[in-house]
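As structure tokens, the structure follows; a few thoughts come after it.
The values are calculated or read from the model by the stated rules, or taken from the named source; none is laboratory data. Source: prediction; values computed, not measured. Here the Cβ is made from the backbone with ideal geometry for all residues, glycine too, and neighbour counts use every protein chain on show. We work out accessible area using only protein heavy atoms, side chains counted, and drop any ligands, DNA or RNA first. Shrake-Rupley method; radii C 1.70, N 1.55, O 1.52, S 1.80 Å.
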Amino acid sequence: MESKLQELKARLMEVNDLNMAGALLSWDQTTYMPPGGAPARGRQLGTLAQIAHEKATDPSIGKLLDDLRPYEESLPYESDDASLIRVARRDYERLTKVPAAFMAQLQGHIATGYDVWTRARPANDFKMVRPALEKTLDLSRQLANYFPGYEHIADPLIDFADYGMKASSVRAIFSQLREKLVPNVRAITAQPPADDECLHQHFPEDKQLAFGLEVIKRFGYDFNRGRQDKTHHPFMTKFSLGDVRITTRVKENDLGEAIFSTMHESGHAMYEQGINMAYEGTPLANGASSGVHESQSRLWENVVGRSYGFWEYFYPRLQAVFPEQLKSVPLDTFYKAINKVQRSLIRTDADEVTYNLHPIIRFDLELQMLEGKLEVRNLPEVWRARYTSDVGITPPDDKDGVLQDVHWYGGVIGGAFQGYTLGNILGAQFYAAAMKAHPEVTGEIGRGEFGTLHRWLIENIYQHGAKFTAGELVQRVTGGPLSVEPYINYLKTKYGAIYSLA
Ligand code: ZN
């Protein structure tokens, strides 16, 4: 058994190495590559992905997984070996159930559809992408049907990103959340909006970058195993557990952009850096799910990084970096500015309170499309109606309406949006558990100290990597199932102090 396990690990490591080499090429593509590199880079990424896919679906891996089943069953569920075999089998079954020819067709279609979308959005022309989107819907349904036995056709697609979650469970959570959010959004937005002019002065790029780096160094992001570079759309990427990188973008007329995106991506990166080094090169060296990953970026960005205590420590430092711009702006004004709540059209620019309404709308609409209850041609109209009823604002065009997110145009329909809101819910739930174990964390944040919180997250969440599903992790960490209560309490406490709430 020992030699079979070693054989399995060696084969998985090979697949991992090919994928990580591809990740490095992608990172370079979005950071430093000159435009002339684009055609060859696309081809090189395709070649690597194809070889990795062939190796990952090799029947000999299936044979090893079968042979190792008795060994796996003889071990405790939580043991590293049993978890490795279990997670490798889940990946293998997912990859082998879908024919390679279908995947090639899907990827080819997505590349074309994405290209059309990059032109259709600026042109505000939904009709231009409609045929591609109709085909995407058709292919998304076909993809789901390679995993028969589902309760809802979206289930397999949700499962890819948030293993163990279903349309029914997500829908139940989201309807509870929506019911509680909508009245609070109404109560807050009925009041005069916060003045955030102080954030929109001129802030030189180099100083913004240096300040962001100082913050995440204090958080515990390890620069010996990471670095930050500039890009158009910030992201975190990993080439090994010893090299977890982040990217950011700077707007010199918007102080919030770089600082909060840096904190966000550092949360994703600290999660990866905190994974048990013994899992290197195996499928365990990943986050538990997209929702759990997002919980960590949002915990550091929002729960910590937009808290009053955090800025009690860091605001005098920020004022010292930008004395001309901020010396006459009191902390309270700055705090309200970075937590300004307003009805808005664009998901990625939305504040903490209104944010979740955006993914919830998309999630509902994609379920309806997959169910065949909503036709693509009616999508823009239904989108406008939902924004009017839920967010209280009607998109004036499709560019900032149904065309705004890349997800449906650069991927399948289904499975991509629930993770954002699950992340907000889980982030608050995990943070509440950390505070229960270590009430001193609040005081430490006010002194610019994050060690206790970071260690608790490593111990309870990060080190396990993909060993546990999101559901198992929540149960272990908080002693109960996923719940919206801690998140609602967090929002009510925080925003109740800024605005008067009913
Ligand atoms: Zn994120």
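Tabulated data for the structure shown
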| read-out | value |
| --- | --- |
| Cα centroid of the stretch 141-179 to Cα centroid of the stretch 78-109, whole Å | 18 |
| Charge-dipole axis of the chain as Lys and Arg at +1 and Asp and Glu at -1 on Cβ define it, positive-most pick from TRP456, LEU284, LEU367 | LEU367 |
| Whether the stretch 408-502 is rounded, prolate or oblate, judged on the alpha carbon gyration tensor where a/c under 1.5 counts as rounded | oblate |
| For HIS454, solvent-accessible area (1.4 Å; no DNA, RNA or ligand), Å² | 30 |
| Antiparallel DSSP beta bridges within the chain, percent to nearest 5 | 60 |
| Accessible surface, per residue, of the chain when the full set of protein chains is kept, probe 1.4 Å, Å² | 42 |
| Neighbour cut-off at most 13 other Cβ (10 Å), DSSP loop, GluC sites (Glu not before Pro), the stretch 364-396 | GLU375 |
| Sites excluded, trypsin sites (Lys or Arg not before Pro) in DSSP loops with at most 14 other C-beta within 10 Å, longest stretch of the chain | 1-226 |
| Solvent accessible area, Å² - ILE346, 1.4 Å probe, full protein context | 40 |
| Between the stretch 356-400 and the stretch 459-501, the alpha-carbon center distance in angstrom | 28 |
| Dipole-positive endmost among ILE110, TYR146, GLY62 within the stretch 2-151 (Cβ charges, Cα centre) | ILE110 |
| Directionally averaged projected area (convex hull, Cα atoms, the chain), nm² | 23.3 |
| Percent antiparallel among DSSP beta bridges (both partners in the stretch 228-380, rounded to 5) | 60 |
| Charge dipole magnitude, Cβ of K and R +1, D and E -1 - the chain, Cα centre, debye nearest 20 | 540 |
| Rounded to the nearest 20 debye, dipole of the stretch 2-151 from Cβ charges on Lys, Arg, Asp, Glu | 800 |
| Global geometry of the stretch 178-287, whether rounded, prolate or oblate, following the gyration tensor of its Cα atoms and the 1.5 cut on a/c | oblate |
| For the stretch 340-451, size of Cβ-based charge dipole, Lys and Arg +1, Asp and Glu -1, in debye | 100 |
| Out-of-range pairs (alpha-carbon distance over 23 Å; input LYS336/LYS436; LYS180/LYS467; LYS238/LYS467; LYS9/LYS467) | LYS336/LYS436; LYS180/LYS467 |
| Charge-dipole axis of the chain as Lys and Arg at +1 and Asp and Glu at -1 on Cβ define it, positive-most pick from GLY401, GLN228, ILE85 | GLY401 |
| Heavy-atom accessible surface of the chain: percent carbon and sulfur, 1.4 Å | 53 |
